[in-house]
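The values are calculated or read from the model by the stated rules, or taken from the named source; none is laboratory data. Every value quoted in this text rests on a predicted model; they were computed, and no experiment measured them. Reconstructed Cβ throughout: ideal geometry from the backbone, glycine too, with neighbour counts over all protein chains shown. Heavy atoms of the whole protein, side chains included, go into the accessibility calculation; ligands, DNA and RNA do not. Shrake-Rupley method; radii C 1.70, N 1.55, O 1.52, S 1.80 Å.
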Amino acid sequence: MKPGLVMVLPLMPRVMEGLAPLFEIHKLWEASDQDAFLAKVAPTTRAIATDGTRGASADLMRKLPKVEIVGSQGVGVDAIDLAYARAHKIVVTNTPDVLNDEVADTAMALLLATVRRIPQGDRWVREGRWVSKGHMPLTDTLRNRTLGMVGFGRIGKVIARRAAAFDLKIVYHTRNIQTDQPYVHYPRLVEMARDADILMVIVPGGATTRHMINAPVLEALGPTGYLINVARGSVVDEAALIKALQQGKIAGAGLDVFENEPHVPEALIKMDNVVLAPHVGSATHHTRNAMAQLVVDNLKAWREGRPVLTPVK
Ligand code: A2R
């Protein structure tokens, strides 16, 4: 008999097809009474499949006491209760690296769109202002600018590679200095914000990074500075960001992630110097398929008694 797997949300067809021969898939999102559903499948369920946004709470894992593995699609694991998983010897896998290039492309696209006001130009054309008002106003530039990387891990380094091709000066803030890197390290974020023209946020979500982009950091970034966030909404104090934008304390922001997705504060929607994206960092067919395949490969390895490919440590 195949072991049971609770799937938290509908994942890519590739996950469904890859897991169907290995597990009895129980679709949690289809259950009208989720508690009753979980109680019914708990005796045979040994795996959970989820994604970085929905994750797996301690409550969910507690209701499935025979679970031995959580396979998550996405690199961020802030929505998975890792402490609970560790304490109960539940293996957690994610999908790092296969999305680095895609998220880095999104980061650069958002950076360029924000500083060069690409969506605003699109609106200028569509709304007939080119005809009625003439050329749109000139924009800021990337020339002679310093990019402050907030986080310099797998994805951060790939963003920096792209940014270097744009001749941006790169500096970074992390907790640990990386001595093999040629870039200046700032142990204090607020000091990097003071020296940088653009902050690019690419740290994991969770308690240790919550609201690290706060009012003092934005104040230090200053009235000509830009904030780009492709990490997690929780990293930025959204209320402080809105205030800073309203008061002209920073020049603009490009945001792919928000504190309460999919709800974006009306204040941000109304601002012309903010470029918004609906959490699409890795959202291409190519990369989502690669991530889906890695979810399958991890769960398959576990099922066959082999070491999983990308465990979260
Ligand atoms: O602090 P370090 O030396 O561990 O460097 C990591 C940095 N980081 C932090 N920097 C400052 N303050 C913190 N509290 C803090 N926590 C972590 O973020 C490292 O340079 C970087 C994370 O790199 P990776 O673990 O390689 O993550 P990856 O694959 O680049 O993805 C980053 C995040 C994901 O967790 C998703 O939430 C998002 O991007 O898509």
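Checked against (1) surrounded by fewer than 22 Cβ atoms within 10 Å (Cβ to Cβ); (2) within 17 Å of the chain's Cα centre (by Cα); (3) assigned to a strand (DSSP E or B), I25 passes all but condition (2).
When residues in the range 268-301 are screened for being touching a Lys or Arg at 6+ places or on another chain (Cβ under 9 Å), open to solvent by 20 Å² or more (accessible area, probe 1.4 Å), more than 17 Å from T53 (Cβ to Cβ) and not polar (S, T, N, Q), 2 of them pass.
The set of residues in the range 34-63 that are under 29 Å from the mean Cα position of the chain (by Cα), in contact (Cβ under 8 Å) with a residue 40 or more places away in the chain and in a helix (DSSP H, G or I) contains only L60.
Checking the conditions here, which among G71, G4, G18 is in contact (Cβ under 8 Å) with a residue 12 or more places away in the chain and either surrounded by fewer than 17 Cβ atoms within 10 Å (Cβ to Cβ) or over 27 Å from the mean Cα position of the chain (by Cα) (or both)?
On inspection, the qualifying residue turns out to be G4.
Taken together, the criteria place L99 among residues that are within 30 Å of R306 (Cα to Cα) and either within 11 Å of the ligand (Cβ to nearest atom) or in contact with a Gly (Cβ under 9 Å, 6 or more places away or on another chain) (or both). Return a yes/no flag: does the range 9-17 have any residue that is at pLDDT 95 or above and touching a Lys or Arg at 6+ places or on another chain (Cβ under 7 Å). Yes; the residues of the range 9-17 include at least one that is at pLDDT 95 or above and touching a Lys or Arg at 6+ places or on another chain (Cβ under 7 Å). Restricting the search to the range 154-192, which residues are open to solvent by 30 Å² or more (accessible area, probe 1.4 Å), near the ligand (Cβ under 8 Å from one of its atoms), without any contact (Cβ under 8 Å) to a residue 60 or more places away in the chain and within 19 Å of L111 (Cα to Cα)? Once the filter is applied, which keeps residues that are open to solvent by 30 Å² or more (accessible area, probe 1.4 Å), near the ligand (Cβ under 8 Å from one of its atoms), without any contact (Cβ under 8 Å) to a residue 60 or more places away in the chain and within 19 Å of L111 (Cα to Cα), the range 154-192 yields only K157.
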